[in-house]
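J.: Got a structure here, written out as C-alpha coordinates. Questions coming.
The values are calculated or read from the model by the stated rules, or taken from the named source; none is laboratory data. Keep in mind that what you see is a predicted model, and the values were worked out from it rather than measured. No Cβ is skipped: glycine too gets one built from the backbone with ideal geometry, and neighbour counts run over all protein chains shown. Keep in mind that these areas ignore ligands, DNA and RNA; they rest on the heavy atoms of the full protein, side chains included. Shrake-Rupley method; radii C 1.70, N 1.55, O 1.52, S 1.80 Å.
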Amino acid sequence: MTAAENMALDEALLELKGEGKGPNTIHFLQFSPRAVLVGYHQSVREEIRTDFCRAHGIEVNRRVTGGGAIFFDENQLGWEVICDKRFFNVTLPTPSLFKRLCTPVATALGQLGVDGAEFRPRNDIEVNGRKISGTGGTESEGAFLFQGTMLVDFDVDTMLRALRIPVEKLKAKEIDSVKERVTCLNWELGHTPGLAEIK
(Lines give C-alpha, C1' and ligand atoms only; values in the text may rest on other atoms or scores of the structure.)
Protein backbone atom coordinates (compact mmCIF):
# COMPACT_ATOMS: atom_id res chain seq x y z
CA MET A 1 0.00 0.00 0.00
CA THR A 2 1.03 3.61 -0.41
CA ALA A 3 2.07 5.73 2.57
CA ALA A 4 -1.23 7.64 2.38
CA GLU A 5 -3.24 4.40 2.38
CA ASN A 6 -1.27 2.94 5.29
CA MET A 7 -1.56 6.10 7.39
CA ALA A 8 -5.30 6.46 6.66
CA LEU A 9 -5.86 2.82 7.62
CA ASP A 10 -3.99 3.34 10.92
CA GLU A 11 -6.19 6.28 11.76
CA ALA A 12 -9.40 4.46 10.81
CA LEU A 13 -8.53 1.27 12.74
CA LEU A 14 -7.65 3.26 15.86
CA GLU A 15 -10.75 5.44 15.65
CA LEU A 16 -13.04 2.46 15.13
CA LYS A 17 -11.48 0.58 18.03
CA GLY A 18 -11.76 3.68 20.22
CA GLU A 19 -15.49 3.79 19.47
CA GLY A 20 -15.85 0.08 20.25
CA LYS A 21 -16.60 -0.78 16.61
CA GLY A 22 -13.57 -2.92 15.79
CA PRO A 23 -11.71 -5.96 17.15
CA ASN A 24 -8.35 -6.03 18.87
CA THR A 25 -5.99 -6.28 15.92
CA ILE A 26 -2.42 -7.16 14.99
CA HIS A 27 -1.69 -5.38 11.72
CA PHE A 28 1.35 -5.56 9.41
CA LEU A 29 2.32 -2.70 7.08
CA GLN A 30 4.32 -2.72 3.86
CA PHE A 31 4.99 0.32 1.69
CA SER A 32 5.11 0.63 -2.07
CA PRO A 33 6.43 2.96 -3.32
CA ARG A 34 9.13 3.82 -0.77
CA ALA A 35 8.21 6.42 1.82
CA VAL A 36 9.52 8.58 4.60
CA LEU A 37 7.23 9.12 7.57
CA VAL A 38 7.63 12.01 9.96
CA GLY A 39 6.40 11.83 13.52
CA TYR A 40 3.16 13.52 14.47
CA HIS A 41 4.84 16.64 15.89
CA GLN A 42 7.73 16.96 13.41
CA SER A 43 8.33 19.51 10.67
CA VAL A 44 8.72 17.98 7.19
CA ARG A 45 11.02 20.85 6.20
CA GLU A 46 13.37 20.17 9.11
CA GLU A 47 13.39 16.37 8.90
CA ILE A 48 13.15 15.42 5.22
CA ARG A 49 15.13 16.20 2.07
CA THR A 50 12.00 16.74 0.01
CA ASP A 51 13.84 17.49 -3.26
CA PHE A 52 15.68 14.17 -3.06
CA CYS A 53 12.48 12.29 -2.20
CA ARG A 54 10.53 13.90 -5.05
CA ALA A 55 13.31 13.13 -7.55
CA HIS A 56 13.49 9.47 -6.47
CA GLY A 57 9.79 8.66 -6.13
CA ILE A 58 9.86 8.50 -2.32
CA GLU A 59 6.53 9.49 -0.79
CA VAL A 60 6.35 11.73 2.28
CA ASN A 61 3.64 11.34 4.91
CA ARG A 62 2.94 11.81 8.61
CA ARG A 63 2.32 9.13 11.24
CA VAL A 64 -0.38 9.33 13.91
CA THR A 65 2.37 8.56 16.45
CA GLY A 66 5.23 10.75 17.63
CA GLY A 67 8.94 10.11 17.38
CA GLY A 68 11.53 10.61 14.68
CA ALA A 69 11.38 10.42 10.91
CA ILE A 70 11.80 6.94 9.41
CA PHE A 71 12.48 5.57 5.94
CA PHE A 72 10.37 2.66 4.69
CA ASP A 73 11.27 0.85 1.50
CA GLU A 74 9.75 -2.37 0.18
CA ASN A 75 12.13 -4.39 2.40
CA GLN A 76 10.78 -3.10 5.72
CA LEU A 77 7.85 -4.42 7.69
CA GLY A 78 5.74 -2.41 10.07
CA TRP A 79 3.85 -4.12 12.89
CA GLU A 80 1.05 -2.75 15.03
CA VAL A 81 -1.23 -3.67 17.90
CA ILE A 82 -4.57 -1.83 17.95
CA CYS A 83 -6.21 -2.75 21.22
CA ASP A 84 -8.77 -1.87 23.87
CA LYS A 85 -7.02 -0.16 26.80
CA ARG A 86 -8.88 -2.45 29.20
CA PHE A 87 -7.17 -5.47 27.65
CA PHE A 88 -3.88 -4.48 29.33
CA ASN A 89 -5.55 -2.43 32.11
CA VAL A 90 -3.30 0.57 31.45
CA THR A 91 -3.33 4.30 31.02
CA LEU A 92 -0.91 5.65 28.44
CA PRO A 93 1.94 6.20 28.16
CA THR A 94 3.48 3.56 30.39
CA PRO A 95 6.98 2.06 30.12
CA SER A 96 5.73 -1.30 31.39
CA LEU A 97 3.33 -1.57 28.43
CA PHE A 98 6.14 -0.82 25.97
CA LYS A 99 8.14 -3.67 27.50
CA ARG A 100 5.15 -6.07 27.45
CA LEU A 101 4.54 -5.39 23.75
CA CYS A 102 8.20 -5.42 22.65
CA THR A 103 9.36 -8.53 24.53
CA PRO A 104 7.35 -10.98 22.35
CA VAL A 105 8.87 -9.37 19.23
CA ALA A 106 12.35 -9.86 20.69
CA THR A 107 11.46 -13.48 21.46
CA ALA A 108 10.23 -13.99 17.88
CA LEU A 109 13.52 -12.61 16.55
CA GLY A 110 15.28 -15.28 18.60
CA GLN A 111 13.07 -17.92 16.97
CA LEU A 112 14.18 -16.60 13.57
CA GLY A 113 17.80 -17.18 14.64
CA VAL A 114 18.73 -13.65 15.77
CA ASP A 115 20.78 -13.90 18.96
CA GLY A 116 20.72 -11.19 21.62
CA ALA A 117 17.46 -9.39 20.77
CA GLU A 118 15.97 -7.54 23.73
CA PHE A 119 13.82 -4.59 24.71
CA ARG A 120 15.73 -1.40 25.49
CA PRO A 121 13.91 1.33 27.36
CA ARG A 122 12.35 3.64 26.43
CA ASN A 123 10.96 2.02 23.27
CA ASP A 124 13.48 0.16 21.09
CA ILE A 125 14.30 -3.45 20.37
CA GLU A 126 18.02 -4.02 19.99
CA VAL A 127 20.34 -6.81 18.96
CA ASN A 128 23.59 -6.63 20.92
CA GLY A 129 23.22 -2.88 21.32
CA ARG A 130 22.10 -2.09 17.76
CA LYS A 131 18.52 -1.00 17.01
CA ILE A 132 16.46 -3.35 14.84
CA SER A 133 13.00 -2.03 15.73
CA GLY A 134 11.80 1.35 16.96
CA THR A 135 8.35 1.64 18.47
CA GLY A 136 5.80 4.22 19.54
CA GLY A 137 2.15 4.63 20.26
CA THR A 138 -0.91 6.83 20.53
CA GLU A 139 -4.44 6.58 21.84
CA SER A 140 -8.04 7.39 20.94
CA GLU A 141 -10.82 7.20 23.50
CA GLY A 142 -10.83 3.64 24.86
CA ALA A 143 -8.16 2.27 22.51
CA PHE A 144 -4.46 2.56 21.77
CA LEU A 145 -2.24 1.88 18.79
CA PHE A 146 1.30 0.63 19.40
CA GLN A 147 3.53 0.27 16.34
CA GLY A 148 7.03 -0.73 15.41
CA THR A 149 9.31 -1.10 12.45
CA MET A 150 11.16 -4.29 11.61
CA LEU A 151 14.34 -3.64 9.67
CA VAL A 152 14.44 -6.62 7.33
CA ASP A 153 17.10 -5.30 4.92
CA PHE A 154 18.46 -1.80 4.97
CA ASP A 155 19.44 0.71 2.28
CA VAL A 156 21.58 3.00 4.45
CA ASP A 157 22.64 5.25 1.59
CA THR A 158 19.09 6.12 0.48
CA MET A 159 17.93 6.60 4.06
CA LEU A 160 20.73 9.09 4.76
CA ARG A 161 19.90 11.01 1.59
CA ALA A 162 16.13 11.04 2.19
CA LEU A 163 16.22 12.11 5.84
CA ARG A 164 17.76 15.38 6.90
CA ILE A 165 20.44 13.72 8.97
CA PRO A 166 23.37 16.16 9.27
CA VAL A 167 25.49 14.37 6.69
CA GLU A 168 26.09 16.42 3.54
CA LYS A 169 28.66 14.23 1.84
CA LEU A 170 28.17 10.54 2.31
CA LYS A 171 31.42 8.75 2.96
CA ALA A 172 32.11 5.19 3.99
CA LYS A 173 32.69 6.29 7.59
CA GLU A 174 29.18 7.81 7.86
CA ILE A 175 27.57 4.64 6.57
CA ASP A 176 29.77 2.61 8.91
CA SER A 177 28.65 4.86 11.77
CA VAL A 178 25.01 4.05 11.06
CA LYS A 179 25.81 0.34 10.91
CA GLU A 180 27.33 0.61 14.39
CA ARG A 181 23.98 1.81 15.79
CA VAL A 182 21.42 0.01 13.60
CA THR A 183 21.06 -3.52 12.27
CA CYS A 184 18.60 -5.58 10.23
CA LEU A 185 17.61 -9.21 9.78
CA ASN A 186 19.74 -9.61 6.66
CA TRP A 187 22.89 -8.44 8.45
CA GLU A 188 22.19 -10.60 11.49
CA LEU A 189 21.25 -13.79 9.65
CA GLY A 190 23.27 -13.50 6.42
CA HIS A 191 20.05 -13.83 4.40
CA THR A 192 16.64 -12.20 4.19
CA PRO A 193 13.79 -14.33 5.52
CA GLY A 194 10.51 -14.26 3.61
CA LEU A 195 7.94 -11.79 4.90
CA ALA A 196 5.43 -14.59 5.58
CA GLU A 197 7.97 -16.27 7.88
CA ILE A 198 8.70 -12.99 9.69
CA LYS A 199 4.98 -12.31 10.21
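J.: I'm trying to understand the selection: among the residues of segment 31-54, which are open to solvent by 70 Å² or more (accessible area, probe 1.4 Å) and within 14 Å of the chain's Cα centre (by Cα)?
T.: Tyr40
J.: Also, quick follow-up: What are the residues in segment 112-126 that are touching a helix residue (DSSP H, G or I) at 6+ places or on another chain (Cβ under 7 Å), surrounded by 13 or more Cβ atoms within 10 Å (Cβ to Cβ) and under 21 Å from Ser96 (Cβ atoms), if any?
T.: Passing the criteria: Ala117, Glu118, Phe119, Asn123, Ile125.
J.: Go through segment 18-28 and give me each residue that's in contact (Cβ under 8 Å) with a residue 60 or more places away in the chain and either basic (Lys, Arg) or open to solvent by less than 70 Å² (accessible area, probe 1.4 Å) (or both).
T.: Gly18, Gly20, Gly22
J.: May I pose another question? Which is of a type in the set (Gly, Ala, Ser) and within 17 Å of Asp155 (Cα to Cα), of Gly78, Gly66?
T.: Gly78
J.: Within the set of pairs 6+ apart or on separate chains, which have a first residue in segment 177-190 that is at positive phi, a second that is surrounded by 17 or more Cβ atoms within 10 Å (Cβ to Cβ), and C-beta atoms under 8 Å apart?
T.: none
J.: Still on this structure: Here is a check on your reading of the model: is Gly67 modelled with pLDDT under 90 and either closer than 22 Å to Thr183 by Cβ or crowded, with 19+ Cβ neighbours inside 10 Å (or both)?
T.: yes
J.: While we're on this one: From the set of residues in segment 175-199 that are aliphatic (A, V, I, L, M) and closer than 22 Å to Val81 by Cβ, which is least open to solvent (accessible area, probe 1.4 Å)?
T.: Only one residue fits best here, namely Leu185.
J.: Which pairs turn up if I take residues in segment 43-68 that are within 15 Å of Ile165 (Cβ to Cβ) and look for partners that are among the aromatic types (Phe, Trp, Tyr) and open to solvent by less than 60 Å² (accessible area, probe 1.4 Å) with beta carbon separation below 9 Å, at least 6 apart in sequence or on another chain?
T.: Correct list of pairs: Ile58/Phe52; Ile58/Phe71.
J.: Now for a different question. If you check Leu109 against the conditions, is it in a helix (DSSP H, G or I), surrounded by 14 or more Cβ atoms within 10 Å (Cβ to Cβ), modelled with pLDDT of 90 or more and among the aliphatic types (A, V, I, L, M)?
T.: yes
J.: Considering Glu11, Glu80, Glu19, which residue is more than 18 Å from Gly136 (Cβ to Cβ) and among the charged types (D, E, K, R)?
T.: Result: Glu19 is the single residue among Glu11, Glu80, Glu19 that is more than 18 Å from Gly136 (Cβ to Cβ) and among the charged types (D, E, K, R).
J.: Also: Of all residues in segment 81-106, which are farther than 28 Å from Phe154 by Cβ and assigned to a loop (DSSP other than H, G, I, E, B)?
T.: Once the filter is applied, which keeps residues that are farther than 28 Å from Phe154 by Cβ and assigned to a loop (DSSP other than H, G, I, E, B), segment 81-106 yields Asn89, Val90, Thr91, Leu92, Thr94.
J.: Inspect all residues belonging to segment 126-135 and state whether any of them is among the polar types (S, T, N, Q) and over 16 Å from the mean Cα position of the chain (by Cα).
T.: Yes: segment 126-135 contains one or more residues that are among the polar types (S, T, N, Q) and over 16 Å from the mean Cα position of the chain (by Cα).
J.: Please work out which one of (1) open to solvent by less than 10 Å² (accessible area, probe 1.4 Å); (2) part of a loop (DSSP other than H, G, I, E, B) is the condition Glu74 fails and give its number.
T.: Tallying (1) open to solvent by less than 10 Å² (accessible area, probe 1.4 Å); (2) part of a loop (DSSP other than H, G, I, E, B), Glu74 fails exactly one: (1).
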